[in-house]
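One structure below.
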There are 2 protein chains.
Amino acid sequence: MGSIRLANESDVQAIYDLIKELAIFEKAEFELQNTPEQLLIDGFKENPIYYCIVAEENQTLVGMSFLYVRYSTWKGRVLYLEDLVVKESFRNKGIGTQLMKETIEFAKLNGFNRIQWQVLDWNVDAIRFYQKFNAQFDEEWTNVHLNLV
Amino acid sequence: MGSIRLANESDVQAIYDLIKELAIFEKAEFELQNTPEQLLIDGFKENPIYYCIVAEENQTLVGMSFLYVRYSTWKGRVLYLEDLVVKESFRNKGIGTQLMKETIEFAKLNGFNRIQWQVLDWNVDAIRFYQKFNAQFDEEWTNVHLNLV
């Protein structure tokens, strides 16, 4: 049986590998500019920017919920779920559900009233998964970005 | 002639009024749960969560760019533009353009490689405005949220 726990410094390479696996699945590997070194600084040194809940099976990380705090002018502090990912060969075993439940627990314990995230409109498995949790879909917003370099 | 500057504590009520004006414009006033008191704590006390660039005309705030730092697993730290708003009666005078240019300047000065934001798919004026800055629109993502209370 696996376990669900908060990530620590020694998980950084495995976290990076999961990020990379998800980027490939999302057909966006070329977008990945982050590094294990940067993830270590950003998550596990002074003033961590993100939190990570991980799923472990036989001492291997097989999934994670990658979280950070956002600021909504309407809602104040909200917990943002940047990535929820389970390694392909470990899917359909309930690990994603466990991670999502633990994420909701984490949010409540830390005084958040809302979790926000995004889903790709063609990722029907993910959409169905989130519907099970009664998540609300806000379809009228479009993402925009501006590269400065 | 107006000025563009970083917000300070005494701007909190005016910032709140702009947030409220935008919420009404976006047909979502009922979503506004934040308060001036909370904005003061979150932006101007220890470890501020957000930054705000404001446009002032005759000692009145007429627009703002409301910013905070997000964490992308692919890009690392990115600057997120939560709200860009100009009071209705002061639009079409170039104030939005000034605020956007100052936001880009702020991002570069603080070492960000990317600014991200969102736009409502029916807000054609905003979409046209952002196109002038060569912003990229990523239409395949859908926003999702889960209310915990």
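Show me the strands (runs of 3 or more DSSP E) entirely contained within the stretch B:30-123 in which 2 or more residues are at the interface with chain A (Cβ under 9 Å from one of its Cβ atoms) and at pLDDT below 95.
Ranges flagged: B:60-72, B:76-86, B:114-120.
Filter the stretch B:1-29 down to residues that are at pLDDT below 95 and part of a loop (DSSP other than H, G, I, E, B) and give me whichever is farthest from the other protein chains (Cβ to nearest Cβ).
Within the stretch B:1-29, the match that is farthest from the other protein chains (Cβ to nearest Cβ) is B:Met1.
Given the conditions (1) closer than 15 Å to A:Thr73 by Cα; (2) buried (at least 17 other Cβ atoms within 10 Å of the Cβ), which single one is not true for B:Lys20?
Going through the list (1) closer than 15 Å to A:Thr73 by Cα; (2) buried (at least 17 other Cβ atoms within 10 Å of the Cβ), B:Lys20 breaks only (2).
What pairs come out if I take residues in the stretch B:127-149 that are within 27 Å of B:Lys101 (Cα to Cα) and pair them with residues that are surrounded by 14 or more Cβ atoms within 10 Å (Cβ to Cβ) and of a type in the set (Val, Ile, Thr) whose C-beta lies under 6 Å away, six or more apart or interchain?
Going by the 6 Å Cβ cut-off, the qualifying pairs are B:Ile127/B:Val119; B:Tyr130/A:Val144; B:Ala135/A:Val144; B:Phe137/A:Thr142; B:Phe137/A:Val144; B:Glu139/A:Thr142.
State all residues of the stretch A:124-149 that are among the acidic types (Asp, Glu) and at pLDDT below 90; if no residue qualifies, say none.
Just the residues of the stretch A:124-149 that are among the acidic types (Asp, Glu), to begin with: A:125, A:138-140.
Hits for the stretch A:124-149 are A:Asp138, A:Glu139, A:Glu140.
The values are calculated or read from the model by the stated rules, or taken from the named source; none is laboratory data. Everything quoted here is computed from the prediction, not taken from an experiment. Here Cβ is always computed from backbone atoms with ideal geometry, including for glycine, and neighbour counts include all displayed protein chains.
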